[in-house]
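Undergrad: What follows is a structure written as structure tokens; I'll ask about it next.
The values are calculated or read from the model by the stated rules, or taken from the named source; none is laboratory data. All values derive from a computational prediction rather than experimental measurement. Neighbour counts are summed over all protein chains in view; Cβ atoms, including those assigned to glycine, are modelled from backbone coordinates with ideal geometry.
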Amino acid sequence: MANQQTQLDGVFHALADPTRRAVVRRLARGTAAVSELAAPFDMALPSFLQHLKVLEACGLVVSKKAGRIRTCRLSPRPLRSAEIWMSDQRALWTRRLDQLDDYLVEMKDD
């Protein structure tokens, strides 16, 4: 459970940055070389590689080196964990707000 929580924390940390979200969006279309991923961003390659390191650390991105080219692909399983967590939170708050609504209706009727 603690490991799962740590991974979830890492996913939310990774997705908190717009550059990393853009990389995830790009990789959702298919694999890409690091140079291709870095091209749209106005930053030095070492800075971009730090973003990739964060994405790899939480498991969202997997990279593989073939010769001089490193390619990256999206690993969606951590996104699924985040989706489940958000769905659970949505259900919890929907239930709580429904209870509040019932209570307020009851108060109004009294």
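Undergrad: Which is touching a Lys or Arg at 6+ places or on another chain (Cβ under 8 Å) and free of Cβ contacts under 8 Å to residues at least 12 places away in the same chain, of LYS108, LYS64?
TA: Values: LYS108 fails: touching a Lys or Arg at 6+ places or on another chain (Cβ under 8 Å).
Of the residues listed, the single one that is touching a Lys or Arg at 6+ places or on another chain (Cβ under 8 Å) and free of Cβ contacts under 8 Å to residues at least 12 places away in the same chain is LYS64.
Per-residue answers, yes or no, for (1) surrounded by 11 or more Cβ atoms within 10 Å (Cβ to Cβ); (2) aliphatic (A, V, I, L, M); (3) at pLDDT below 95:
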{"residue": "ALA2", "(1), (2), (3)": "no, yes, yes"}
{"residue": "THR19", "(1), (2), (3)": "yes, no, no"}
{"residue": "LEU27", "(1), (2), (3)": "yes, yes, no"}
{"residue": "ALA33", "(1), (2), (3)": "yes, yes, no"}
{"residue": "MET43", "(1), (2), (3)": "yes, yes, no"}
{"residue": "GLY59", "(1), (2), (3)": "yes, no, yes"}
{"residue": "SER63", "(1), (2), (3)": "yes, no, no"}
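Undergrad: Applying the selection to region 4-17, what residues are within 15 Å of GLU56 (Cα to Cα) and either surrounded by fewer than 16 Cβ atoms within 10 Å (Cβ to Cβ) or of a type in the set (S, T, N, Q) (or both)? Write out each step before concluding.
TA: Step one: filter region 4-17 for residues within 15 Å of GLU56 (Cα to Cα), giving 6-17.
Answer for region 4-17, where residues must be within 15 Å of GLU56 (Cα to Cα) and either surrounded by fewer than 16 Cβ atoms within 10 Å (Cβ to Cβ) or of a type in the set (S, T, N, Q) (or both): THR6, GLN7, ASP9, PHE12, HIS13, ALA16, ASP17.
Undergrad: Let me ask something else about it. Please name all residue pairs, on different chains or six or more residues apart, with Cβ atoms under 8 Å, provided the first residue is in region 5-33 and is closer than 24 Å to ILE84 by Cβ and the second residue is surrounded by 11 or more Cβ atoms within 10 Å (Cβ to Cβ) and of a type in the set (Ser, Thr, Tyr).
TA: GLN7/SER81; LEU8/SER81; VAL11/SER81
Per-residue answers, yes or no, for (1) over 17 Å from the mean Cα position of the chain (by Cα); (2) over 14 Å from VAL23 (Cα atoms):
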site	(1), (2)
HIS51	no, no
GLU56	no, no
VAL62	no, no
ALA66	yes, yes
SER75	no, no
ARG80	no, yes
TRP85	no, yes
TRP93	yes, yes
